[in-house]
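Working notes, beginning with the structure itself.
The values are calculated or read from the model by the stated rules, or taken from the named source; none is laboratory data. This one's a predicted model, so the numbers in the text were calculated from it and none came from an experiment. Heads up, the Cβs are rebuilt from the backbone with ideal geometry, glycines too, and the neighbour counts pull from every protein chain shown. Remember, those area values only see protein heavy atoms, side chains included, never the ligands or the DNA or RNA. Shrake-Rupley method; radii C 1.70, N 1.55, O 1.52, S 1.80 Å.
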Amino acid sequence: MATAVPTQDDALIRIEALTKVFYTDEIETHALSGIHMTIARGEYVAISGPSGCGKSTLLSILGLLDTPSGGVYQLNDRPVENLNFAERSRIRNQEIGFIFQSFNLIGDLTVYENVELPLTYRSGMSAVERKRRVDESLARVGMAHRLRHYPAQLSGGQQQRVAVARALAGSPSILLADEPTGNLDSRNGEAVMQLLKELHKDGATICMVTHDPRFAKLAEREIHLFDGQVVSEADLRQKMAAETEMLK
């Protein structure tokens, strides 16, 4: 089994023997089967693999949206695999920025209000500080001129830029991007990928799930998943070729 190891020692995320099992109608589905993975601070990692290989499940666990069935997950040197709901929510709000395929903007809130919303759950953060963060984040993604617009008044690419601004506003330890170009045409998709590249250049730690090999290659390092396990690129190609042959 391949192990995903960074080129530097300053680990932000460390995962050991991580498993996730789903139970439905007395059937066990092993979505993740012993994942070993480390992401260093400042690193840009892409997680790739075929549909159903466990990419989104892994990202949900990394983002504390779900809990593993077994194994170790350390974020900023703290074990987080067994936290209760309230603790997961608090750390998620402070440490993790999400960029979703479907943007997940609230339609009856303005661009400004969408970006500000997660900050309103930060205890002790003043309105002045929230405004500063929102303004800075929108400026970084080139959307400061649209702060009074509503999501329906924006293109898909613009909505995704607002979603990136929302993720940045909280100054997270890591940005988690789940198929960030999935709902965009090629031109807007490439623009969003260029934005992520610029954010990484400015020091952001990014972990992106993508099925598009072109975009995966833009990251510093690519982690390949197949059937819930980390595999090498050569093994992934061999397994997918064998699977294709079986379907003929």
* Please indicate, with yes or no, whether at least one residue in the stretch 93-109 is buried (at least 20 other Cβ atoms within 10 Å of the Cβ), farther than 30 Å from A152 by Cβ and in contact (Cβ under 8 Å) with a residue 60 or more places away in the chain. => no
* Give the residues of the stretch 135-166 that are crowded, with 20+ Cβ neighbours inside 10 Å and closer than 19 Å to M193 by Cβ, sorted by residue number. => S137, V141, M143, Q158, Q159, Q160, R161, V162, A163, V164, A165, R166
* To do: Would you point out the residue of the stretch 40-56, among those that are over 24 Å from G203 (Cβ atoms) and surrounded by fewer than 20 Cβ atoms within 10 Å (Cβ to Cβ), that is modelled with the highest pLDDT?
  => S56
* Condition broken by L176, with the remaining ones in (1) more than 24 Å from Q94 (Cβ to Cβ); (2) aliphatic (A, V, I, L, M); (3) modelled with pLDDT of 95 or more satisfied -> (1)
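Looking at the stretch 22-118, what strands (runs of 3 or more DSSP E) fall wholly within it and have at least 1 residues that are touching a His at 6+ places or on another chain (Cβ under 8 Å)? Write out each step before concluding.
Working: elements: 27-40, 44-48, 70-75, 96-99.
Answer list for the stretch 22-118: 44-48.
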* Asked: So K197 fits all but one of (1) open to solvent by less than 30 Å² (accessible area, probe 1.4 Å); (2) closer than 30 Å to Q74 by Cβ; (3) assigned to a helix (DSSP H, G or I); what number is the exception?
  -> (1)
* Asked: Looking at (1) open to solvent by less than 40 Å² (accessible area, probe 1.4 Å); (2) touching a Gly at 6+ places or on another chain (Cβ under 7 Å), which is the only condition G63 fails?
  -> (2)
